[in-house]
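The values are calculated or read from the model by the stated rules, or taken from the named source; none is laboratory data. These numbers come from a predicted model, not from an experiment. All Cβ positions, glycine included, derive from the backbone under ideal geometry; neighbour counts span all protein chains shown.
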Amino acid sequence: MSKLDGLLKAVGKVKGGVHADYNKNTAETATIRVPLPRKVVVPMLQHIGAPCVPTVKKGDTVKTGQLIGDSESYVSAPVHASVSGTVSSVGNVRITNGATVPAVIIESDGSNELYERFEPPKAADRDGLIAAVRASGLVGLGGAGFPAHVKLNFPKDKKVDTLVINAAECEPYITSDYRECIEHTGDIIDGASKLSEVLGFSKVIIACEDNKPRAMEVLTQKIRDEKKGSLIRVMTLASKYPMGAEKMIVQSALNKKIPPGKLPLDVGCIVMNVTSVAFTSRYLKTGKPLISRTVTVDGNAVAEPKNLRVPMGMTVSEIIDFCGLKQEPAKIIAGGPMMGTALVDGSVPILKKDNAILAFTEGGLPHKKEWDCIRCGKCTDACPLFLMPMHIDIRTRLKDAKGLEALGVMSCMECGSCAYACPAGKPLVQYMRLGKEFLKEEEKLEK
Amino acid sequence: MKNKFSSLKIMEKNKLFTVSASPHISSRETVPGIMRDVLISLSPALAAAVLIFGFRSLLVTAVCVISCILSEYLSRKAMKRKNTVSDLSATVTGLLLAFNLPVDMPLWMAAVGSVFAIVVVKQFFGGLGNNFVNPAIGGRIMLLVCFPVAMSTWALPMAWRTKPDVTTGATLLYKLSGMDMSGDIAEGMGAAGLPSMFDMLIGRRGGSLGEACTIALILGGVYLIARKIIKPVIPLSFIGTVAVIMLFAGKFDLDFLGYQIMGGGLILGAVFMATDYVTCPSTNKGKLVFGIGCGVITAVIRLYGSLPEGVSYSIIIMNILTPLIDRVTALKPFGFVKEKAEKEAKA
């Protein structure tokens, strides 16, 4: 029997997209746990949704895993202390996306003492599981940061029978999901089984790009060992960016197109990041909330690119310093080079959704000179969602709301394929954002 | 860990890093890179032109290219806009315009055409990306209207080797090579000196500088398609449409078909001019409509028109229609469902 026996092939074709150099330099370096930082900055907003309200105040003693922020809002996820120590202040900090949000700053006492004897939550039924996932603080760990319990709490009348586990990891450089597949294979399979059992999925597809054969091998082997082959299957996808985008992975794995403004559950499936699934499984076993994550540290300014297990709230500079810098960096990116955010400085804390920190020197990233648009249409060819960035740009400049709407600007997910492909070096993603903002403003005015 | 740089230390110095919108990486393709590829793809045809029509073809080409570059530079300067010579688009226009001229074209006329192409057709409308018709074709049509005799005086192929000063009178070879006056085709075919199919392929025939050698043009086209500079949609639909119409019009005479396809500027136009990004639709569907439109207009002009300019006029007409084609062939976003279909599905 070959190692990849039973591997599913993608059933749908994804058009567009781009082929960037993979640069998965850290793929075969095992994850290292970093020494405890002296201080962590834990922002109250690490997800899409409402920010949490701090439940501790200055001077409080907190222990690792203790709840320090929660919200009454449904679309939100609680945050926990990632180290034990004393709350030195509660105030506003700037986070990776540039926003200023309230945060709890904890001076570590170095002991990393756990808050309580964590107990496995009761999650035998749907409500229990969803409450448990909410309590764990889990948000999409693939980069989107959407609260996981909201996603899992799909309307009961919707027929949702498939769980697609996203292990595509199509962004260059990032290997944290890949390491999860290699290092925590069992957790992924257990998590998939548990979620299916409680939420009633009849099929689980672990979808992986074909440039990661080893991940597919270990997953296939584990499924075989656990005799889960009738429920869980591994699927190989074409390696191209942005294969890991929700709409693209559903198109590829199930040959179903999610209409603009709709969700995977509208076509009968849920998409979860592979690391999120593995975390869910660990949480259900131990009850230990989300207080650390694996981060890929790479880029040409970094001396030794690595995958690090870091506590939430450790600052970006400290994380980079652990890997060392060989040259002075000019640009630091939280996330991948296609969709990540360039940071103004290194003082911002790492968030739940940040899967990579990349540091590049001046000239370490290709800088394309801007030329006149020659209407070559390469942006349209590259757009996986069949949008026409060049026409959208024109409509925005003309302030033509109807035209913009017809061109579907709101379905743009800002994957950056258009700007990547543009030979004129136009900042097309910014143009798309301008178009969206303009349309939102117009809609507000209408109301 | 000992390291020369520490991001903590850098931070203490209050160093701010570069911020920009994502994505932070990009493809290697650039505008001048694309133009360079177009120039490379045109070089076999230029070499063929030198072999067929002699060194004067180089001279004509040089005049066109230099006057295009100069007028681009000077007009931008006069309009107080940034210098765009380095994007190489003016060079491409110069080369393409030269390819559309007879080798014995007076040089000053070639220069006038170049200036018109760059200044009037391109820069007056906002420069690269904003011209509504292809500058080289605009230049060619302007020359044809102003200097019809010079524009249709074709040199005999290889004449430069034997008797350098001999050029033929316009009409005969014109009919033979251009095949643009269908009514006279029978008469023309009867006349002596009609090139064989093989001559048509290798370019041993009269015609404009760049259009003679079919093989060189196809070579250039294959290069452009292989380098993904152009898509094959427009050349295939354009030439295919002409071929189908001519097949019926010529009552399945394959020689007639061969002359129609290889004669005149059809291949040059379909591969290098109709595919100009700026003036053709941006979607595949739009490109197909554009190509078929060009083919139909070319065929109709060649069969029924009193003007010889089938290819040029067809491209310029479709250029003008491009914004409309773009509008009706606009793509629907991924997963788009028509509201009607959606309602039916709900019901």
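You will find that of A:VAL297, A:VAL271, the residue that is modelled with pLDDT of 95 or more and out of contact with any Phe, Trp or Tyr (no Cβ under 9 Å at 6 or more places or on another chain) is A:VAL271 and no other. Among the residues of the stretch A:95-111, those identified as under 22 Å from A:ILE357 (Cβ atoms) and either modelled with pLDDT under 90 or part of a loop (DSSP other than H, G, I, E, B) (or both) are A:ILE95, A:THR96, A:ASN97, A:GLY98, A:ALA99. When A:TYR431 is tested against the conditions (1) touching a residue at least 24 places away in the same chain (Cβ under 8 Å); (2) in contact with a Pro (Cβ under 9 Å, 6 or more places away or on another chain); (3) within 9 Å of chain B (Cβ to nearest Cβ); (4) in a helix (DSSP H, G or I), the lone failure is (3). Residues in the stretch A:392-405 that are over 30 Å from the mean Cα position of the chain (by Cα) and part of a helix (DSSP H, G or I) were compared, and the one that is surrounded by the fewest Cβ atoms within 10 Å (Cβ to Cβ) is A:LYS402.
Please determine, by comparing only the residues of the stretch A:62-91 that are in a strand (DSSP E or B) and polar (S, T, N, Q), which one is nearest to A:ARG134 (Cα to Cα). Per the criteria, the residue is A:THR64. Condition check for B:ILE69 on (1) in contact with a Ser or Thr (Cβ under 7 Å, 6 or more places away or on another chain); (2) modelled with pLDDT under 95: one failure, at (2).
In the set A:LEU358, A:LEU387, only one residue is within 24 Å of B:PRO281 (Cβ to Cβ), surrounded by 19 or more Cβ atoms within 10 Å (Cβ to Cβ) and facing another protein chain (nearest Cβ under 10 Å); that residue is A:LEU387. Of the strands (runs of 3 or more DSSP E) that lie entirely inside the stretch A:270-345, those containing 1 or more residues that are over 20 Å from the mean Cα position of the chain (by Cα) and outside the structural domain of A:CYS415 (by TED's automatic domain parsing) span A:329-334.
For every residue, the table says whether it meets (1) of a type outside the set (Ser, Thr, Tyr); (2) assigned to a helix (DSSP H, G or I); (3) crowded, with 23+ Cβ neighbours inside 10 Å.
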position: A:ASP190; (1), (2), (3): yes, yes, no
position: A:LYS194; (1), (2), (3): yes, yes, no
position: A:PHE201; (1), (2), (3): yes, no, no
position: A:VAL204; (1), (2), (3): yes, no, yes
position: A:ALA207; (1), (2), (3): yes, no, yes
position: A:ASN211; (1), (2), (3): yes, no, no
position: A:LYS228; (1), (2), (3): yes, no, no
position: A:SER239; (1), (2), (3): no, no, no
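Under the condition of being outside any helix (DSSP H, G or I), crowded, with 19+ Cβ neighbours inside 10 Å and among the aliphatic types (A, V, I, L, M), the residues counted in the stretch A:124-143 number 3. Criterion applied to A:GLY59, A:GLY6, A:GLY12, A:GLY16 was being outside the structural domain of A:MET235 (by TED's automatic domain parsing), without any contact (Cβ under 8 Å) to a residue 40 or more places away in the chain and in a loop (DSSP other than H, G, I, E, B), and the one residue passing it is A:GLY59. Restricting attention to the stretch B:85-115, the residues being part of a helix (DSSP H, G or I) and either of a type in the set (S, T, N, Q) or away from chain A (no Cβ under 14 Å) (or both) number 19.
Quick grid of which residues meet (1) among the charged types (D, E, K, R); (2) crowded, with 19+ Cβ neighbours inside 10 Å; (3) touching a strand residue (DSSP E or B) at 6+ places or on another chain (Cβ under 6 Å):
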position: A:GLY12; (1), (2), (3): no, no, no
position: A:VAL18; (1), (2), (3): no, yes, yes
position: A:ASP21; (1), (2), (3): yes, no, no
position: A:ARG33; (1), (2), (3): yes, no, yes
position: A:HIS47; (1), (2), (3): no, yes, yes
position: A:PRO51; (1), (2), (3): no, yes, yes
position: A:THR64; (1), (2), (3): no, yes, yes
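Among the numbered conditions (1) in contact with a Phe, Trp or Tyr (Cβ under 6 Å, 6 or more places away or on another chain); (2) assigned to a helix (DSSP H, G or I), the only one that B:PHE334 does not meet is (2). Checking A:ASP354 against (1) within 30 Å of A:LYS15 (Cα to Cα); (2) in contact (Cβ under 8 Å) with a residue 12 or more places away in the chain; (3) not in a loop (DSSP other than H, G, I, E, B), which test does it fail? Condition not satisfied by A:ASP354: (3).
Scanning the stretch B:247-276 for residues being without any contact (Cβ under 8 Å) to a residue 24 or more places away in the chain, under 28 Å from B:PRO44 (Cα atoms) and out of contact with any helix residue (DSSP H, G or I) (no Cβ under 7 Å at 6 or more places or on another chain) gives a total of 1.
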